[in-house]
Amino acid sequence: MAYIEIEGLSKVYNVGRADELTALADVSLSIDSGEVAVLTGSSGSGKTSLLSLIGCMARPTQGKVIIAGKDVAKLPERFLTAVRRKRFGFIFQQFNLIRDVSVLENVLLPLYPLDLGMSAMKDKAMPILEKLKISHKKNLKVKNLSGGEQQRVAIARALINEPEVIIADEPTAHLDRRLAQEFLDILEVLNHEGKTIVIATHDPFVYDNRLVGKTVSMRDGRIEGVTIH
Amino acid sequence: MILHPGIIGLLVGSVITLLMVFHAAVTGAIVLYRWDFSSSSQYQLSLERKTYLVSTLVNYGLAFQVASAVLFVYTVDDIHQLFVGAMCATGSLNANPIGWYALLSKIAVLFLSGFWLALNYVDSRLEESPYVKLKYGLLIGLFPFLVLDLILQFFYFLGLDPAIITSCCGSLFGGDSNSVASSVASVPVVPAMIVFYLLGAGLIFLSVAVLYFVSDLLRYLYAVLSASFFVVSIVAIISFVSIYIYELPTHHCPFDMLQRGYHFVGYPLYFTLFLAVYFGMLPGLFCPLKRNVGMNTILSKIERPWIYWCLGNTVLCMSLVTYTICFSNLTLFSD
Amino acid sequence: MIKHLKIIEYALSSLLRRKTKIIAIFIAYTLTVATLASVLFLTHALKTEATHILQGVPDLIVQRILGGRHDLIPVDYAEKIKDIFGVSEVKPRYWGYYYDALTEANYTVMGAGDAALELKLLDGKLPATEFECAVGKGVAALRGADYSNELILVNSRNIGVLFDVSGIFQSDSSLLTNDLVLLTNEAVIDFFGFEPGRATDLAVTVQNSNELQTVAVKIKKLFPDARPITKRELTRTYDMVFNWRSGMMLTVFCAAIMALCIMAWDKATGISAEEKLEIGILKAIGWDTDDVLILKFWEGVIVSMTSFLTGLLLSYVHVFYFDAFVLSTILKGWSVLFPAFQLTPSVNVLHIFTMFFLTVVPYIASTVIPTWKTAVTDPESVMRG
Ligand SMILES: Nc1ncnc2c1ncn2[C@@H]1O[C@H](COP(=O)(O)OP(=O)(O)O)[C@@H](O)[C@H]1O
Ligand SMILES: [Mg+2]
């Protein structure tokens, strides 16, 4: 059975108001464990909306979101957070790091609400920082890092809770070719380690990569077609 | 009315608490009428987020209530100097008998809001929040108690007139009047001790039993026993614990022990007692909700710390009583 | 537990990052606590001083009331009072107030009775002749009258009288002797021009303090124009006055508290875009609304506690090291000599508790709703710029 199952999903913003907007309409999709899936489509086609529903950031207006066999569509926020914390790591378009805080603390933040001691947390973080080659900058504030380094901090933070799925929204939008390649190389390693990866992008450099197993093209909140490579 | 700093502090604190709980209750009422779990509308989501506000408000409200109960006793104790014939809080309370009702209502509000928070805690741990309606219904029911508490407290302080000549613990808890209080004080020491220790031992025994057996009946018994332990302990404190603390065979006051002269021993005594009783009553109170399967499983997990708390505090409370008896210079029984 | 420790650490660092924003609320908070605490510390200290005075006061004082006003009492009342069962001693006391136009201060002029003997002298001896006097520190300082100097006071016949200063008082509680001018009984009678055979009041000593009330009733029966005042009554009156004064002050300062709350509300509501993004990020990476509420709770505790303690410290220094120089101008009514004496430091737990209720509770209450609004920030919002 697929790791992520989506059935008849729709997301309507501002229901009942004049500016009501259907961001997703009757979307069904499944993503297997260990797969690299890419959502493509023009801006406004609903990629980010779909990602946030998959990643338990928001609740759908209708339909089912089944993660590892459990429908999370109607879960109260508190439990949605628990699922998100346990299964997903996020890499955002704007990195979303806390700029005045050190690299290490940024990476550790997802673990703060858990009952885990500081030293145990650091033991978890250090190998990840080393793997991403930023451990030497762990005490620097994020605002003093270059774009590429910030991207790697963001990846480290997404990995700290040992997620099964990595969700990345337009990850290469702010990167040049070389850094984008570096990013894809990191993803490749992670995929080899068994992580499922879901990326939303309209960057051909990403969706044409050999890594990608499934391309889902979207338009106006609907799935136009699914290509399996 | 006396413009004592403690009184002003209490009234300000109570009004604020009341406003907070009022806000919580109104929000609760909205949640109650508009809650639709199956809906995934934005409105339902906003209601869900409001539940966080309600919990936060009631949490703070309860914390303030605990603090205000302590401040109340402290203040009442302090203003005894203003009344002819008053030597401690008893005298101040006698100066305007509404004070006793104010004290009772404070205790009631503490327990009720404590129970509500427990229900809230358990319910929010269930994915489908099955008791939202019950919860907010009860919250609205809790509100009048707080209003009553504030009113009683206000009229108690308003009615205080330093010209009043009051009677104090000496006469209230003395043998020769025929009030409830004095009959409590004249409960003979030996039977009071026996009942106190028997009930305490029973509570400890039941705590262990409840930990190992899932029977509902045991839990109801546990709750009843806890409640009785509260009453019996108060009687015990007036009847014999007090005289050991004061080392005076005729001094039965339940408040003097909160004063510095007695090393504030009253505070740990009452705190452990309240906690023991509160946690001892919880498992029984939640039994009727066990029909819900999710509740049943979650309760069996959450219940354990409650029982530990009850057990621990019962032991602490009883040790404290035993300690004061053993290390008192007063000897009632010579061997 | 560990979770809370980590969140406290983060709360601290996040407060430090927003220093400039926090500083305003910190100052307002500290000042409110400091004013409140100064009022309570001061009244409590004065109360303690008053209690000291009362220790030297006789069990029972008998005054005479004429036309509803205090009048001089015939000394021969003492003989009959002495015959009442239980009374061991009756002593007439001679004293009065003296307004010194030169320094614009009120002195208490008192005849040297037994009570005065118990007071410790700093230097010198008690007045032995009609031309000697002993004075309190305050009087000495005001008049520049040192030991072996002279003191000129104008008597009731408007004639200046010269006294040799034979001693200066020292006492645990300087309030007690600060404004005191001690003369011999005869000198007082002459100075004020009391009618012969009259005293200011009678000090009655009763063997068994339980019988005080009965003795008082008997005196009242014997002399309908007498007003017996027991020590307890005095204590109560003092208490009333002090509580009332501090109560009034507190009521006034409620306005300050209101201002603090409005400011706290405003600060908590007006959260910057940066802060909002930060909360959004925290929620997106796995913090629950509850966790954010805990974070905000600890932030509130840290701000409250630091302000509260700083305020307490400030007011302690203000009242006990600087003689409450700010407040004393408001409280001028006490005495012109007021700023001259040193208050004995003493702090009451009840007052600290009360201050907590009057400042921390309103502060927390006014930040709850804005804080909650922040905490429920939609995590999805950070997915889009
Ligand atoms: N919070 C919101 N409220 C109203 N409309 C929204 C909101 N978020 C997204 N939308 C709209 O939903 C549509 C889909 O947006 P999005 O999922 O971000 O697309 P994409 O990521 O493919 O650019 C867009 O038209 C966008 O304007
Ligand atoms: Mg997008």
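The values are calculated or read from the model by the stated rules, or taken from the named source; none is laboratory data. Every value quoted in this text rests on a predicted model; they were computed, and no experiment measured them. Using ideal geometry, Cβ is built from the backbone for each residue, glycine included, and neighbour counts are taken over all protein chains shown. Ligands, DNA and RNA are excluded from the accessible area calculation, which covers all protein heavy atoms including side chains. Shrake-Rupley method; radii C 1.70, N 1.55, O 1.52, S 1.80 Å.
Residues of segment A:102-123 whose accessible area, computed with a 1.4 Å probe over protein heavy atoms, drops by at least 30 Å² once all protein chains are present relative to their chain alone are A:Glu105, A:Leu109, A:Pro110, A:Tyr112, A:Pro113, A:Asp115, A:Met118.
When chain A is treated as a Gaussian network with alpha carbon springs shorter than 10 Å, the biggest mean-square fluctuation among A:Ala154, A:Ala200, A:Ala82 belongs to A:Ala82. Calculated over segment C:59-230, the projected area of the Cα convex hull averaged across directions stands at 10.5 nm². Each principal axis of the Cα atoms in chain A has its own extent, and those three values, largest first, are 49, 39, 39 angstrom. Accessible surface area normalised per residue over chain A is 41 Å², counting heavy atoms of protein chains with a 1.4 Å rolling probe.
Return one number: the angle in degrees, 0 to 90 and rounded to the nearest 10, between the long axis of the Cα atoms of helix B:266-286 and the longest principal axis of the Cα atoms of chain B. The answer is roughly 40 degrees.
Highest mean first, the peptides B:143-153, A:31-41 sorted by other C-beta atoms within 10 Å per residue fall in the order A:31-41, B:143-153. Name the residues of segment B:41-60 whose accessible area falls by at least 10 Å² when all protein chains are present instead of the chain alone, probe 1.4 Å? Correct list: B:Gln42, B:Leu45, B:Glu48, B:Arg49, B:Lys50, B:Tyr52, B:Leu53, B:Thr56, B:Leu57, B:Tyr60. Dimensions of the protein assembly as shown based on its C-alpha atoms, expressed as ranges along the principal axes with the largest first, amount to 124, 67, 56 Å. Estimated purely from DSSP H runs of n ≥ 4, each contributing -39500 (n - 2.57), the mean residue ellipticity at 222 nm for the protein assembly as shown is -18500 deg cm²/dmol once divided by its residues. At a probe of 1.4 Å, how much accessible area disappears from chains A and B on forming the pair, both sides counted, to the nearest 100 Å²? In total, chains A and B hide about 1200 Å² from solvent. So if we plug the beta-carbon distance of B:Asp216 and B:Val315 into 1/(1 + (r/R0)^6) with R0 = 22 Å, what FRET efficiency do we get, rounded to 0.05? For B:Asp216 and B:Val315, the calculated efficiency is 0.30.
Classification of segment B:1-167 by its C-alpha gyration tensor yields a prolate form. The axis ratio a/c (a ≥ b ≥ c) is 1.5 or more, and a/b outweighs b/c. The share of C-alpha pairs in segment B:182-267 whose separation exceeds 20 Å stands at 44 percent. Using the Stokes-Einstein relation with a Kirkwood hydrodynamic radius computed over Cα pairs, the translational diffusion coefficient of segment A:90-162 at 37 °C and a viscosity of 0.692 mPa s comes to 275 µm²/s.
Kirkwood radius, chain B, all distinct C-alpha pairs, inverse of mean reciprocal distance: 21.6 Å.
Across all directions, the average flat footprint of the convex hull enclosing the Cα atoms of segment B:172-335 is 10.6 nm². Rounded to the nearest Hz, the phi-derived 3J(HN,Hα) couplings of segment A:130-147 under the Karplus curve 6.51 cos²θ - 1.76 cosθ + 1.60 (θ = phi - 60°) are 5, 4, 8, 6, 10, 5, 5, 10, 4, 9, 7, 6, 4, 5, 8, 9, 7, x, where x marks glycine and proline. Interface residues of segment A:50-74, defined as a loss of at least 40 Å² in heavy-atom accessible area between the chain alone and the complex of all protein chains with a 1.4 Å probe, are A:Met57, A:Arg59, A:Lys74. Using a probe radius of 1.4 angstrom, the carbon and sulfur fraction of the accessible surface of segment A:102-229 is 49%. The simple spin-label model puts a point 7 Å past each Cα toward its Cβ; for A:Lys143 and B:Asn296 those points are separated by 5.7 nm.
Per residue of peptide A:75-84, the mean number of Cβ atoms on other chains within 10 Å of the residue Cβ is 6. Leaving ligands and nucleic acids aside, the C/B contact buries around 3200 square angstrom of accessible area in total at a 1.4 Å probe radius. Accessible surface computed residue by residue for segment B:1-167, with neighbouring protein chains in place and a 1.4 Å probe, gives 35 Å² per residue. Counting, for every residue in C:352-362, the Cβ atoms of other protein chains within 10 Å of its Cβ and taking the mean gives 6.
So if the hydrodynamic radius of segment B:247-333 is defined as the Kirkwood radius over C-alpha pairs, what does Stokes-Einstein give as its diffusion coefficient at 10 °C and 1.306 mPa s, in µm² per second? Roughly 104 µm²/s, to the nearest whole number. Accessible area per residue for segment B:172-335, computed on protein heavy atoms with a 1.4 Å probe, is 48 Å². In segment C:59-230, a dipole from Cβ-located charges (positive for Lys and Arg, negative for Asp and Glu) runs towards its positive end, and of C:Gly160, C:Leu72, C:Val139 it is C:Leu72 whose Cα lies farthest in that direction.
Pairs of alpha-carbon atoms within less than 8 angstrom and 6+ residues apart define the contacts here; what relative contact order does chain B have, in percent? Once normalised by length, the contact order is 18 percent. Largest GNM mean-square fluctuation among A:Pro171, A:Pro60, A:Pro76, using chain A with Cα springs under 10 Å: A:Pro76. Starting at the first residue of segment C:89-96, write each ³J(HN,Hα) from the Karplus equation 6.51 cos²θ - 1.76 cosθ + 1.60 with θ = phi - 60°, in whole Hz, x for Gly and Pro. Couplings: 7, 10, 10, x, 10, 10, 7, x Hz. Solvent-accessible area of segment B:172-335 (1.4 angstrom probe, protein heavy atoms only): carbon and sulfur portion equals 72 percent. When accessible surface is computed with a 1.4 Å probe, chains A and C are found to bury approximately 2700 Å² between them, both chains counted. Normalised by the number of residues in segment B:172-335, the average gap of Cα pairs under 8 Å and 6 or more apart makes the relative contact order 27 percent.
Averaging 1/r over each pair of different alpha-carbon atoms in segment C:1-88 and inverting the result gives 19.8 Å, the Kirkwood hydrodynamic radius. When the solvent-accessible area of segment B:1-167 is split by element, carbon and sulfur atoms take up 73 percent of it, the probe being 1.4 Å.
For segment A:1-92, the fraction of C-alpha pairs more than 17 angstrom apart is 49%.
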